Every structure is written in structure tokens, then in C-alpha cells.
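Right, one structure below, let's go through it.
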Amino acid sequence: MATVKELLPDYANGELASVCSWPDDIKWYYRWHWTSPLHYVDTPSFKCNYKYGRDCYDSAGRRNNCVTGAIFNYTKQLFSAYQGYKPKLKYNLTEALIFLAHYMADVHQPLHVGFTGDFGGSILKVRWYRKKTNLHHVWDTLIIDTAVKTFYGSDLSTMVRAIQRNIT
């Protein structure tokens, strides 16, 4: 845990969770656009299995450009730095840690690991209460927003404390 805290930027105040959304925030910027396909992996529609060699490609056909490829890459960067290995490239270990933590969450998000044809649920039209939207937006945003508003008086910090009490 001490090593993780050493790698965190000062503004994180020692909390990895406080920086885990950074990869989502930056993927829209030109400099970071290359990270967009690293947030998910698609399998052929109606193939209910995952094969790294078959499935870990981005839309341009580049190998290893998917969430599992990213997890492998950033794990290797962090591991090599702490095993005394001197890589040819100098890695930014803070970025590697933040990306790894984020992608570990993404790979467990059902809409980030699914069929190519549904675009992560973004083409699946649904209604959330009276609002027309898509399944991915409901999963990523509206479920939490509604819970905060309905059960916690729109106070996210109250919801976070309630979750923490239930976990520990």
C-alpha cells in the first residue's frame, strides 16, 4: 500500500479511488484519444467466450488495443519497475497505476465486455423513468444519479459514507 501511495499525485491525498476516473476524463482529448479502445473489449456477436488473439483489437485492427491488453501492458510496466528491470522506455508509473486501476474496473463492467454489434449497449434504446436514453448511459450514470437523488438527498458524500459503512 505504501508503494501505491508513493505513486499517487499529491492531489489524490493518498486515495487511489480519487484518481480512478481520470482515464475516462482524458480519453476525449486529442493527446489521449489513443486510449479510447483500451476501455473495453468486444467479442463477435453471439460468441459467448473471449479469446485474446481473436478479440483484442481496436476498430483499426491494431492488436492488443483493448482493456485486457491495457491491463497486461500497465501491469508489466509496474512489475518491471519494481523488479529492478531497466526498460528501454522510461514509464510514467503514476499514469500506469491510474490506468491499471481504472481498467480493472472497466473489465468488470458488463457493457465494456460484450458483443461487437451492440457497441457497449450504446445502441440499445431504453427508457429510464420517462427519459429516452441508451443502456450504457443508464448503467454508467443514471442508476447512480437516481440513487443519490432518491435515497441520499442528492448528497453524493452521504451515499459514499453509507457504502463504506456497509463494506467495512
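I'd like to check something: does segment 1-10 contain any residue that is closer than 26 Å to T116 by Cα and surrounded by 13 or more Cβ atoms within 10 Å (Cβ to Cβ)?
Within segment 1-10 (the criterion being closer than 26 Å to T116 by Cα and surrounded by 13 or more Cβ atoms within 10 Å (Cβ to Cβ)), the answer is no, since none of the residues qualifies.
Within segment 15-37, restricting attention to residues that are in contact with a His (Cβ under 8 Å, 6 or more places away or on another chain) and part of a helix (DSSP H, G or I), which residue is nearest to H112 (Cα to Cα)?
Looking at residues that are in contact with a His (Cβ under 8 Å, 6 or more places away or on another chain) and part of a helix (DSSP H, G or I), I get D24.
Filter segment 29-76 for residues that are of a type in the set (F, W, Y), under 22 Å from I98 (Cα atoms) and loosely packed, with under 10 Cβ neighbours inside 10 Å and give the result.
Listed by number, the residues that qualify are Y29, Y30.
In segment 140-157, is there at least one residue being in a strand (DSSP E or B) and not assigned by TED's automatic domain parsing to the domain that holds N49?
No, segment 140-157 contains no residue that is in a strand (DSSP E or B) and not assigned by TED's automatic domain parsing to the domain that holds N49.
Please determine, by comparing only the residues of segment 114-138 that are in contact with a helix residue (DSSP H, G or I) (Cβ under 7 Å, 6 or more places away or on another chain) and crowded, with 17+ Cβ neighbours inside 10 Å, which one is farthest from V41 (Cα to Cα).
N134
Scanning segment 38-56 for residues that are assigned to a loop (DSSP other than H, G, I, E, B) and of a type in the set (D, E, K, R), which turns out farthest from I71 (Cα to Cα)? Working first, answer last.
The initial filter retains those residues of segment 38-56 that are assigned to a loop (DSSP other than H, G, I, E, B), namely 40, 44-51, 56.
Cutting the leftovers down to of a type in the set (D, E, K, R) gives us 47, 51.
Numbers: K47: 22, K51: 15 Å.
Filtering first and then ranking leaves K47.
Among the residues of segment 138-151, is there at least one that is more than 20 Å from Q109 (Cα to Cα), free of Cβ contacts under 8 Å to residues at least 12 places away in the same chain, out of contact with any Gly (no Cβ under 9 Å at 6 or more places or on another chain) and not β-branched (V, I, T)?
Yes, that holds for at least one residue.
Report, ordered by the first and then the second residue, all pairs with beta carbons closer than 7 Å, sequence separation of six or more or different chains, a first member in segment 1-24 that is of a type in the set (S, T, Y), and a second member that is surrounded by 15 or more Cβ atoms within 10 Å (Cβ to Cβ).
Filtered contacts from segment 1-24: S18/A12.
Any residue at all in segment 92-108 that is exposed (fewer than 14 other Cβ atoms within 10 Å of the Cβ), touching a Phe, Trp or Tyr at 6+ places or on another chain (Cβ under 9 Å) and assigned to a helix (DSSP H, G or I)?
Just the residues of segment 92-108 that are exposed (fewer than 14 other Cβ atoms within 10 Å of the Cβ), to begin with: 92, 108.
Narrowing the set further to residues that are touching a Phe, Trp or Tyr at 6+ places or on another chain (Cβ under 9 Å) leaves none.
No, segment 92-108 contains no residue that is exposed (fewer than 14 other Cβ atoms within 10 Å of the Cβ), touching a Phe, Trp or Tyr at 6+ places or on another chain (Cβ under 9 Å) and assigned to a helix (DSSP H, G or I).
The values are calculated or read from the model by the stated rules, or taken from the named source; none is laboratory data. Given the structure is predicted, the values throughout are model-derived calculations rather than measurements. As a convention, Cβ positions derive from the backbone with ideal geometry for all residues, glycine included, and neighbour counts pool all protein chains shown.
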